[in-house]
Amino acid sequence: MERLILVVDDDEDVAETIERALRRAGHRVLVAHRGADALQLARENHPDLAVLDIMMPGMNGVDVCRHIRANPELAHMPLLFLTAKGEIGSRIEDSTPFTEGDVELLAVLGSQAAIAIDNARLFQEIQTAYQKLAELDHLKSEFISIAAHELRSPLAVVLTYAALLEAEATGQMRQHLGQVTLAAMQLKSIIDEMVSLREIDTGQAQVALSDVAIAETVARVLEDLNLLASRKHQHVDIQIPTDLPLARGDPRLVFLILSNLLSNAIKFTPEEGSITISAHSEEGRVVTTIRDTGVGIPEAELERIFQRFYQVEDSLRRKHGGIGLGLAIAREMANLVGGKIEVASKEGEGSAFSLSLPQA
């Protein structure tokens, strides 16, 4: 592939020799014998590669390199340094025929020039792809933010009026309105997960550490999700001692973590199943465990369930809703507050997810 190469050498004979070698290799060549001239040619022509002689009077090759790297338009241009004193230069001056070593040196120069150009091209392509990816990621984050804002307000209205109508309705109409409320709550859960994911990815998840009362936090979580559990006639038992020490964490994030864990338990526990929320302190940490009698998780899947968008069920045959973000978000938020999430499960018998936080 033809490339434009700038050759910079104060020795005209050496420069001419390099120029001929490069032209025979199929490249276009610009020649400069002074550093200032080289910079002007580089700014005007934007060559694909510059071959610089290090030892030049006035502005030497290193100085030229500094100026090129300081120019944003030329900063990524590959540079190849060459010194020919006592080698090619002396051959030209006394008309001594080139030795095999001289020919080999020029061949290496040509091949190195080609490699440098290809590497620069690949680097530029990677930089361009990375920039486009960053722009797409920014657009994704902005879309999630705008969509969540625009959806939350009307969704809150739907939830409020559906709950009011359901309370006043009877018979089959009450059942229909119950389905509307349930679907709206599931949509709210998905929106909340998307917003939480955006906060984590953009570094906007603000952490404000303070003392956290686990019993009070669990009560608020259950109040928020009790409707989902009651729809499936599930029994939720709370076993938290009154003298449980305070935990150290961000109250908002701890609430979101426990909400995701309880929502997951409700989702995968069958109708009339049971869920137990317990807590205890050990070795300077406060451990909250949500245990269910659900479908359980195969041992081989226990770590993969914390991957984003991963779901144990086949996407075409799965019975449970969701987009596979809840557990991933819970673990990443736990990491932000110095916490840790562990899971123990047996297929067909249920699962137990534990959130461990530092004791206050």
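The values are calculated or read from the model by the stated rules, or taken from the named source; none is laboratory data. All figures in this text were calculated on a predicted structure; none of them were measured in a lab. Cβ atoms come from the backbone with ideal geometry, glycine included; neighbour counts cover every protein chain shown.
Could you list, in sequence order, all residues of the range 3-28 that are crowded, with 18+ Cβ neighbours inside 10 Å, in a helix (DSSP H, G or I) and not β-branched (Val, Ile, Thr)? Even if it seems obvious, please write down each step before you answer.
The first filter runs over the range 3-28 and keeps only residues crowded, with 18+ Cβ neighbours inside 10 Å, leaving 3, 5-9, 11, 14-15, 17-19, 21-22, 25, 27.
Applying the additional criterion that residues be in a helix (DSSP H, G or I) yields 14-15, 17-19, 21-22.
Of everything in the range 3-28, those that are crowded, with 18+ Cβ neighbours inside 10 Å, in a helix (DSSP H, G or I) and not β-branched (Val, Ile, Thr) turn out to be Ala15, Glu19, Ala21, Leu22.
Select from the range 292-306 the residues that are within 12 Å of Glu342 (Cα to Cα) and either more than 27 Å from the chain's Cα centre (by Cα) or not in a helix (DSSP H, G or I) (or both) and list them in ascending order.
Restricting attention to the range 292-306, the residues satisfying the condition of being within 12 Å of Glu342 (Cα to Cα) are 302-303, 305-306.
Across the range 292-306, the qualifying residues are Leu302, Glu303.
Could you run through the range 29-71 and say how many residues are within 21 Å of Ile115 (Cα to Cα), in contact with an Asp or Glu (Cβ under 6 Å, 6 or more places away or on another chain) and not in a helix (DSSP H, G or I)?
Of the residues in the range 29-71, 3 are within 21 Å of Ile115 (Cα to Cα), in contact with an Asp or Glu (Cβ under 6 Å, 6 or more places away or on another chain) and not in a helix (DSSP H, G or I).
Taking the condition out of contact with any Phe, Trp or Tyr (no Cβ under 6 Å at 6 or more places or on another chain), within 30 Å of Leu49 (Cα to Cα) and modelled with pLDDT under 75, does Ala120 pass?
It is true that Ala120 is out of contact with any Phe, Trp or Tyr (no Cβ under 6 Å at 6 or more places or on another chain), within 30 Å of Leu49 (Cα to Cα) and modelled with pLDDT under 75.
So, in the range 46-61, of the ones that are under 38 Å from the mean Cα position of the chain (by Cα) and not charged (D, E, K, R), which residue ends up surrounded by the most Cβ atoms within 10 Å (Cβ to Cβ)? Give the derivation first.
Within the range 46-61, the first condition is being under 38 Å from the mean Cα position of the chain (by Cα), and the residues that meet it are 46-50.
Next, from what is left, pick out any that are not charged (D, E, K, R): 46-47, 49-50.
Numbers: His46: 12, Pro47: 23, Leu49: 22, Ala50: 27.
If we take residues in the range 46-61 being under 38 Å from the mean Cα position of the chain (by Cα) and not charged (D, E, K, R), then Ala50 is surrounded by the most Cβ atoms within 10 Å (Cβ to Cβ).
Kindly indicate whether any position in the range 338-345 is at pLDDT below 90 and farther than 22 Å from Ile191 by Cα. Walk me through how you get there before you give the answer.
Quick first cut of the range 338-345, residues at pLDDT below 90 only: none.
Within the range 338-345 (the criterion being at pLDDT below 90 and farther than 22 Å from Ile191 by Cα), the answer is no, since none of the residues qualifies.
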